[in-house]
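The values are calculated or read from the model by the stated rules, or taken from the named source; none is laboratory data. Computed from a prediction, not measured in an experiment: that's the story for all the values here. A quick note on method: Cβ atoms are made from the backbone with ideal geometry, for glycine too, and the neighbour counts reach across all protein chains shown.
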Amino acid sequence: MTKPVWIKHAAQLATLASDVNGPRSKEAMSELGLIEDGSVWIEDGVVKAIGTTVELEQQYASRVHEAQVVDATGHLVTPGLVDPHTHVVYGGSREREFEMRLKGSTYMEIMNAGGGIHATTRMTREASEEELIEQSTRRLNSFLAHGVTTVEGKSGYGMDLETELKQLRVMKKLQETHPIDLVPTFMGAHAVPPEYKGHEDEFVNIVIKEMLPIVAEEKLAEFNDVFCEKDVYTPEQSERILEAGKRYGLTPKIHADEIEPYGGAELAAKVGAISAEHLLKASEEGIRAMAKSGTIACLLPATALYLREQAAAGRAMIDEGVAVAISTDANPGSSPTTSMPLVMNLACISMRMTPAEALTAATYNAACAINRQDQVGSLEVGKLGDIVLWNVKNYQELQYLFGVNHVQSVWKKGIQVV
Ligand code: NIG
Ligand code: FE
């Protein structure tokens, strides 16, 4: 039996509770459910009570001796951050490509010459399950240290059945061994394997006919993602993959309009994707279509920065009524970071999102993007006791003092993990 946790006297408790259930857009993205001198009682892994310290003192005074009591005077307290888009399980690293890009090569040139995603695919194929578990555990530890308690993870560095399954099975094992909740996505069509260049449809058929059925049968993924991009998969091929996934009960996600405008946002709306990712070059019609279909824009400002590109039009998307989530896109090529706090900073700096919108995008809307809003993303009675105590006094300061890890303590399901 673990002790209950009683956090008291938070200078600011951002509960993220709101009447809006489901992805929040427009003004709802600024509703943080703030409580001054806030307090929360966590027991059996979930939030049992939340309110002001005075309110909880009345309720729990007789049980103080049972609890881990945390004095949060002067501190901001929030739900654990949620990262709804990562490629956390992979072999090796690609620091030489970073250098090559700084010397003038582009991301796509490197990939088309057999590097990039293909390089990581080779290293992931070579790695044993144990090695992948060991490397990914280190990355998940870093997520936790940055206040992230739920992480989505994609396959896609296999691009053959065996390695795709290996990545997904590693995620399943990590789910058992690591405190972070890991939500699995199948991304068999993450790039075109060199041997299928010029006859991509054949590989699309393999993804649909050979990989998807086994992934679904073994219940290894909840979502199905594809890299819809010029020189990768066309909107037509992407649609076939996403529709096939739907028939197997996998919800569509899509890497869309990252490098060129390519109709990815439009396709996301058409197939009813839960989220569309990147969207640096999304068209205005595509953005309007997403607002209408309720597709979440999962924006990745660290990736844009790392590729030295202009970030997505986050401000315009919110003004247009799109619900925005943000994510690290943690991967060895375009965004080797595990820092969601940095991503929140960048959402403000490079996409002109407000500090409140950035926090919603990294918590509640991020949870919606992986269909976990009933469990995480806000602090409400019955939801998981996933909590971060920050070394700042309010949410504005969290976004203002940038590039620094302000995490002081983290609880996952009511157990202190940092
Ligand atoms: O989301 N765009 C495609 N996939 C990843 C990058 C993967 C890699 O470079 O290894 C992304 O940015
Ligand atoms: Fe990605």
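A few notes on this one:
- Where strands (runs of 3 or more DSSP E) fall wholly inside the range 70-177, the ranges with 1 or more residues that are over 21 Å from the mean Cα position of the chain (by Cα) are 76-79.
- Elements of the type helices (runs of 4 or more DSSP H) sitting completely within the range 214-307 and holding at least 3 residues that are closer than 26 Å to residue 118 by Cα: these cover 235-247, 264-271, 301-306.
- Selected residue [of a type outside the set (A, V, I, L, M, F, W, C), more than 24 Å from residue 276 (Cα to Cα) and within 16 Å of ligand 1 (Cβ to nearest atom)] from 169, 122: 122
- Members of the range 98-136 found to be within 16 Å of ligand 2 (Cβ to nearest atom), of a type outside the set (A, V, I, L, M, F, W, C) and either modelled with pLDDT under 95 or under 17 Å from residue 308 (Cα atoms) (or both), listed by number: 107, 116
- Of 306, 233, 262, 196, all but one fail to be more than 30 Å from residue 319 (Cβ to Cβ) and either among the aliphatic types (A, V, I, L, M) or within 16 Å of ligand 2 (Cβ to nearest atom) (or both); the exception is 233.
- Some residue of the range 14-27 being free of Cβ contacts under 8 Å to residues at least 24 places away in the same chain, of a type outside the set (S, T, N, Q) and assigned to a helix (DSSP H, G or I): yes
- Whichever residue in the range 128-171 is among the small types (Gly, Ala, Ser) and touching a Ser or Thr at 6+ places or on another chain (Cβ under 9 Å) and, among such residues, is nearest to residue 78 (Cα to Cα): 147
- Test: residue 341 is more than 16 Å from ligand 2 (Cβ to nearest atom), touching a His at 6+ places or on another chain (Cβ under 8 Å), of a type outside the set (Gly, Ala, Ser) and at pLDDT 95 or above: yes
- Test for residue 354: is it more than 15 Å from ligand 2 (Cβ to nearest atom) and in contact (Cβ under 8 Å) with a residue 60 or more places away in the chain: yes
- Of the candidates 62, 18, 39, the single residue that is within 23 Å of the chain's Cα centre (by Cα) and either at pLDDT below 95 or hydroxyl-bearing (Ser, Thr, Tyr) (or both) is 18.
- The set of residues in the range 174-209 that are among the charged types (D, E, K, R) and either within 14 Å of residue 155 (Cβ to Cβ) or surrounded by 17 or more Cβ atoms within 10 Å (Cβ to Cβ) (or both) comprises 181, 200.
- Top-ranked residue of the range 275-323 - restricted to ones that are within 16 Å of ligand 1 (Cβ to nearest atom) and over 23 Å from residue 338 (Cβ atoms), ranked as surrounded by the most Cβ atoms within 10 Å (Cβ to Cβ): 282
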